[in-house]
1. Report, ordered by the first and then the second residue, all pairs with beta carbons closer than 7 Å, sequence separation of six or more or different chains, a first member in the stretch A:17-41 that is acidic (Asp, Glu), and a second member that is buried (at least 17 other Cβ atoms within 10 Å of the Cβ).
2. If B:Ala189 satisfies all but one of (1) within 21 Å of B:His84 (Cα to Cα); (2) without any contact (Cβ under 8 Å) to a residue 60 or more places away in the chain; (3) within 14 Å of chain A (Cβ to nearest Cβ), what's the number of the condition it fails?
3. Could you list, in sequence order, all residues of the stretch A:3-16 that are of a type outside the set (D, E, K, R) and more than 9 Å from every other protein chain (Cβ to nearest Cβ)?
4. Please find, within the stretch A:119-141, the residue that is nearest to the other protein chains (Cβ to nearest Cβ) out of those that are buried (at least 23 other Cβ atoms within 10 Å of the Cβ) and assigned to a loop (DSSP other than H, G, I, E, B).
5. Say whether the condition of being farther than 22 Å from B:Leu10 by Cβ and touching a residue at least 60 places away in the same chain (Cβ under 8 Å) is met by at least one residue in the stretch B:234-243.
6. For the stretch B:92-113, which positions are within 14 Å of chain A (Cβ to nearest Cβ) and either within 21 Å of B:Phe171 (Cβ to Cβ) or assigned to a loop (DSSP other than H, G, I, E, B) (or both)?
7. Just checking, how many residues over the stretch B:192-209 are assigned to a helix (DSSP H, G or I) and either within 14 Å of chain A (Cβ to nearest Cβ) or crowded, with 20+ Cβ neighbours inside 10 Å (or both)?
Amino acid sequence: MKVAVIKYNAGNICSVVNALRRVGVEPCVTDEPAVIRAADRVIFPGQGSAAPTMAYLRESGLDAVIASLTQPVLGICIGQQLLCGHSDEGMVDCLGIFPGTVVQKFTAPAGVNLKVPHMGWNSVEQLSSPLFDGLNEGDFVYFVHSYYVPASPLSIATTEYGGVRFSSAMRRGNFYATQFHPEKSGDVGERIIRNFIYLCHD
Amino acid sequence: MLAKRIIPCLDVKDGRTVKGVNFVNLRDAGDPVDFARLYSEQGADELVFLDIAASHEGRKTFVDVVSRVAEAVSIPFTVGGGIHELDDVSRMLDAGADKVSLNSAILRNPKLIDDIAAKFGSQVCVAAIDARCEEDGTWACYLNGGRIRTEYNLFDWAREAQERGAGEILFTSMDHDGVKQGFPNEALARLSDNLTIPVIASGGAGTREHFADAFRLGHADAALAASVFHFGEILIPELKAWLREQGISVRL
């Protein structure tokens, strides 16, 4: 099993690598198109903001590489947001793998002191993917983000914060994505990573 | 629903956990990685490691501890102590820490918060504040582990830290810390209500009720404690089960 972790100008790839090692996978952290294309699984991780990361992906040509992938791909956090159509963070067009989706900023409902970023453990509901085999509705995973993708038909899990139900995970074809950090989500997250790695892709 | 976080804090010196730690199955262990694993299994939501070593050698050992913790556990952790500049932050993040906590360094050089937020993102930067309620009722911030009083007021400084890009505030009341009489809930609530970033209540927990009060009365987003967990006076699984019975959202 060859697992490629895409290296780009987003932070904290180290914890994804550690998480993969804990499930018995030695990943290849790479920005080489040939290595990424040849991998059995590709992880598109990261923390960062949309505009500079998108600019980097376009300049490096990784945008086209990612869009052309046919094996299972897992976007994490900013990875999920970059797979969307557009992000309000820096008003930038993204990769468009999840067409029509727009990344928006959390705003406090009137009279509510909403803490942003949405940081900490929140529950996932409406689980509908083999990615979540072995999980229960309401299991907790770890989030850190200020922008979100609204719930849509592409959602395979949703979460509520600040009066909004957003996509905590999405899927279209071979592209999977989570807004939360499975690599920081304890046993639940480890199960998700395992599911992704050993997923029989249909 | 977003859960209130329970955070054990460990002091590390020369690569070993200090203060007596008295778990049944880990009576003699001093390796922070063992505690990280154990607390993670018990349901801690995050961990904090404070490097209290004074020596250069000790600092290098701490980086090694950070990377071993990152390999071993799959929950977020924050490191603090001895972080004075951007390079120190880089070193800790490269070793696998998720966040860094800064205290005196940002009071001396507030712009460091802007720099950390710009380079690594706000989520990385935890502004730790030691403060004391003075006789006139104002809350003054202190430097150097509470030894030097500053001109900064707790609420003003927390607001400035937020505006500069801190991702969280970790607030320790020097008069409550270590006394096990509960958290300063009035000040906590005022702090939390005036900020749009999460507030971690630190120091003062003696009973499970104190945690519930920090969340309900103090509006804290997370609560940090050390000795009550280390000495097994409060067990995290029991604490969290009880908090949930009280109607407080926790991760079980």
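The values are calculated or read from the model by the stated rules, or taken from the named source; none is laboratory data. Keep in mind that what you see is a predicted model, and the values were worked out from it rather than measured. We place every Cβ from the backbone using ideal geometry, glycine too, and count neighbours over all the protein chains shown.
1. Matching pairs, first to second residue: A:Asp31/A:Ile6; A:Asp31/A:Lys7; A:Asp31/A:Tyr8; A:Asp31/A:Leu62; A:Asp40/A:Val3.
2. That leaves (1) as the condition not met.
3. A:Val3, A:Ala4, A:Val5, A:Ile6, A:Tyr8, A:Asn9, A:Ala10, A:Ile13, A:Val16
4. A:Asp139
5. No, the stretch B:234-243 contains no residue that is farther than 22 Å from B:Leu10 by Cβ and touching a residue at least 60 places away in the same chain (Cβ under 8 Å).
6. Selection gives B:Gly96, B:Ala97, B:Asp98, B:Lys99, B:Val100.
7. So the answer is 2.
Residue-by-condition table, conditions (1) within 14 Å of chain A (Cβ to nearest Cβ); (2) small (Gly, Ala, Ser):
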| position | (1), (2) |
| --- | --- |
| B:Ala44 | yes, yes |
| B:Asp64 | no, no |
| B:Ser67 | yes, yes |
| B:Ala70 | yes, yes |
| B:Asp115 | no, no |
| B:Lys119 | yes, no |
| B:Asn144 | no, no |
